[in-house]
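Asker: I'd like to ask you about the structure that follows.
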Amino acid sequence: MPEPDNPFWPAWSPDGQLLYFTGVGSSTNTPTGMYRIRRDGTGLETLLNCFCFRPSISPDGRFMTFHAESDTFVIAVRVWDMVTRSYVGGEISGRFPEWSPAGNEIALYENLTGRVQVMNPDGTNRRYLTPPEEAHEGTSQLSWSAESAWILARLLSGLVLIEVSTALVLPLPGTVGFHQPALKP
């Protein structure tokens with residue numbers, strides 16, 4: 001497998017020492033896998049050879065979640081244990097997963113509807129945070145607040161803050177064209 005020459009979707013490890021990213025072949029514009037490299041640019045490592053995107057690292061640094069093309073050609077969220085080098089749980093239909101800072105939940109967009117959901121890292125206990133009428137195509141990242149109480153998301157109406165415990169959706173006026181939101185750590 002050739003080294004990635006076009007890195008996308010960088011994500012830092014919790015200790016800031018490793019950078020995880022999706023490798024995309026510049027000649028094919030196709031994802032080639034998940035990689036990590038030390039902060040100083042040494043130690044490039046291939047973690048997975050897959051058609052996968054957008055890594056998010058658990059707060060303890062052990063797990064990585066991402067979305068990938070599944071065996072049935074559906075985009076699915078996967079969780080990879082970097083210690084045992086194995087998948088945790090099954091494939092969950094969805095995209096753009098993001099670990100909560102508390103490490104107990106992963107937020108994602110549901111395929112087709114784009115509704116925001118949260119789930120346990122093993123894929124259990126999935127629940128919706130947004131109603132069907134507030135769906136989006138799910139092409140933007142999700143961003144958690146530092147205390148894991150809120151999620152910033154992009155829906156059809158623009159950017160919204162979602163209270164995780166109650167599913168309260170607070171629209172942020174004037175943000176219809178905004179993409180890739182991020183809350184300040």
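The values are calculated or read from the model by the stated rules, or taken from the named source; none is laboratory data. Everything quoted here is computed from the prediction, not taken from an experiment. Neighbour counts run over all protein chains shown; Cβ positions are idealised from the backbone, glycine included. All accessible areas refer to the heavy atoms of the entire protein, side chains included, with ligands and DNA or RNA removed. Shrake-Rupley method; radii C 1.70, N 1.55, O 1.52, S 1.80 Å.
Asker: At 1.4 Å probe radius, can you tell me the per residue accessible area of the chain in Å²? Can you show the working numbers first?
Answerer: Numbers: 9040 Å² over 185 residues.
Solvent-accessible surface per residue comes out at 49 Å².
Asker: Another one. For a quick check, take a GNM of the chain with Cα springs below 10 Å and name the residue from SER165, SER145, SER58 with the largest mean-square fluctuation.
Answerer: SER165
Asker: Separate question: How would you classify segment 72-146 from its alpha-carbon gyration tensor, with a ≥ b ≥ c the square roots of the eigenvalues: rounded for a/c under 1.5, else prolate if a/b is greater than b/c, otherwise oblate?
Answerer: Oblate.
Asker: What are the residues whose amide H is under 5 Å from the amide H of LEU155, where those residues sit 5 or more places off or on another chain and H is modelled from the backbone?
Answerer: Those qualifying (amide H under 5 Å, at least 5 residues apart or on another chain) are VAL160.
Asker: Direction-averaged shadow area of the convex hull around the Cα atoms of segment 118-185, nm²? Walk me through the numbers on the way to the answer.
Answerer: On the way: hull surface 19.5 nm².
Convex hull of Cα atoms, orientation-averaged projection: 4.9 nm².
Asker: Pop out the carbon and sulfur fraction of the accessible area of the chain as a percent, whole number, probe 1.4 Å. Can you show the working numbers first?
Answerer: Working: 5010 of 9040 Å².
Exposed carbon and sulfur together represent 55 percent of the surface.
Asker: Explain nothing, just compute: Karplus ³J(HN,Hα) = 6.51 cos²θ - 1.76 cosθ + 1.60, θ = phi - 60°, for every residue of segment 93-108 in order, whole Hz, x for Gly and Pro.
Answerer: With coefficients 6.51, -1.76 and 1.60, one gets 4, x, 7, 6, x, 9, 5, 6, x, 6, x, 9, 9, 10, 9, 7 Hz.
Asker: Around GLU105, which amide H atoms from residues at least 5 apart in sequence, or from another chain, sit under 5 Å from its own amide H, with H modelled in the peptide plane?
Answerer: It is SER100, by chain and number.
Asker: Got a sec to turn the phi values of segment 33-46 into Karplus ³J(HN,Hα) couplings, 6.51 cos²θ - 1.76 cosθ + 1.60 with θ = phi - 60°, whole Hz, x for Gly and Pro?
Answerer: Once rounded to whole Hz, the list reads x, 10, 9, 9, 8, 5, 4, 7, x, 9, x, 4, 10, 7.
Asker: Okay, next question. Charges at C-beta only: +1 for Lys and Arg, -1 for Asp and Glu. How large is the resulting dipole of segment 11-158 about its Cα centre, in Debye rounded to 20?
Answerer: Working: 12 positive and 16 negative charges, 43 e Å.
It works out to roughly 200 debye.
Asker: For the chain, with a Gaussian network of springs between Cα atoms less than 10 Å apart, report the residue from THR32, THR42, THR113 with the top mean-square fluctuation.
Answerer: Its mean-square fluctuation being the largest, the pick is THR42.
Asker: From the phi angles alone, apply the Karplus equation (6.51, -1.76, 1.60; θ = phi - 60°) to segment 151-168 and give each ³J(HN,Hα) in whole Hz, x where the residue is Gly or Pro.
Answerer: My calculation for segment 151-168 gives 10, 9, 9, 10, 10, 4, 7, x, 6, 9, 9, 10, 7, 5, 5, 10, 6, 5 Hz in order.
Asker: Ok, one more. Dividing the convex hull volume of the Cα atoms of the chain by its residue count, what figure in Å³ per residue is obtained? If you can, show how the numbers build up before the last one.
Answerer: Numbers: hull volume 23.2 nm³, N = 185.
In the chain, the Cα hull volume divided by residue count equals 125 Å³.
Asker: At 7 Å along the Cα-to-beta-carbon direction for both PHE178 and ASP40, put a label point, then send me their distance in nm to one decimal.
Answerer: 3.9
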